[in-house]
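Report on the structure given below.
All of the numbers you see were taken from the coordinates with simple rules; none came from a lab. Being a predicted model, the structure only gives us computed values, none of them experimental. Every residue, glycine among them, receives a Cβ derived from its backbone with ideal geometry; neighbour counts consider all protein chains shown.
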Amino acid sequence: MKNRLSILIVDDDEGMVETLKDILEHVGYHVETAGNGCTALEKAEHHSCNAALIDFKMPGIDGLETVRRIRQADSSIHLFMITAFPVENLEQNALKEGAREVLYKPLDIKKILTLMENLEAAFE
């Protein structure tokens, strides 16, 4: 059996986190979760993950700063920004900080699964 990706989901919306976690675990991925940027940084530091889905708007450290800090700590993690809010220059800034893509809510689950499958294929 091949190693599956380990994915970190970071969002202060517990319902969103649980739904995404259930879907990703159902298809065989290992999933860690965090409700804020600080917890995400700790998890990224102590658990090896291949990818992270990070919400932009969170209390405390926002998603952009979380992406920046995770990228500094481990440049091998593939980072994806999630947002429900059209923020000027968010996509440009997220890509500059190291995110691979910005995904908009409501999330397209098929697109996320395809992104993870493509990422997993790159590790084989």
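Does Leu53 count as in contact with a strand residue (DSSP E or B) (Cβ under 9 Å, 6 or more places away or on another chain), surrounded by 15 or more Cβ atoms within 10 Å (Cβ to Cβ), free of Cβ contacts under 8 Å to residues at least 60 places away in the same chain and not in a helix (DSSP H, G or I)? So Leu53 fits the description; yes. Comparison of Lys21, Lys43 shows that the only residue that is closer than 15 Å to Met116 by Cα, touching a strand residue (DSSP E or B) at 6+ places or on another chain (Cβ under 9 Å) and outside any loop (DSSP other than H, G, I, E, B) is Lys21. Applying a threshold of 7 Å to beta carbon distances and a minimum spacing of six or more residues, or different chains, the list of pairs starting in the range 29-43 at a residue that is in contact (Cβ under 8 Å) with a residue 60 or more places away in the chain and ending at one that is of a type in the set (A, V, I, L, M) and assigned to a helix (DSSP H, G or I) reads Tyr29/Met116.
Filtering the range 6-15 to residues that are in contact (Cβ under 8 Å) with a residue 12 or more places away in the chain and over 11 Å from the mean Cα position of the chain (by Cα) leaves Asp12, Asp13, Glu14. Residues that are surrounded by 14 or more Cβ atoms within 10 Å (Cβ to Cβ), in a helix (DSSP H, G or I) and hydrophobic (A, V, I, L, M, F, W, C) within the range 70-119 comprise Ile70, Leu90, Ala94, Leu95, Ile112, Leu113, Leu115, Met116, Leu119, listed in sequence order. The residue pairs whose first member lies in the range 105-116 and is farther than 15 Å from Phe85 by Cα, whose second member is in a loop (DSSP other than H, G, I, E, B), and whose beta carbons are closer than 7 Å, counting only pairs six or more residues apart or on different chains, are Leu113/Val27; Met116/Leu5; Met116/Tyr29. The number of residues in the range 19-47 being small (Gly, Ala, Ser), within 23 Å of Arg4 (Cβ to Cβ) and under 13 Å from the mean Cα position of the chain (by Cα) comes to 3.
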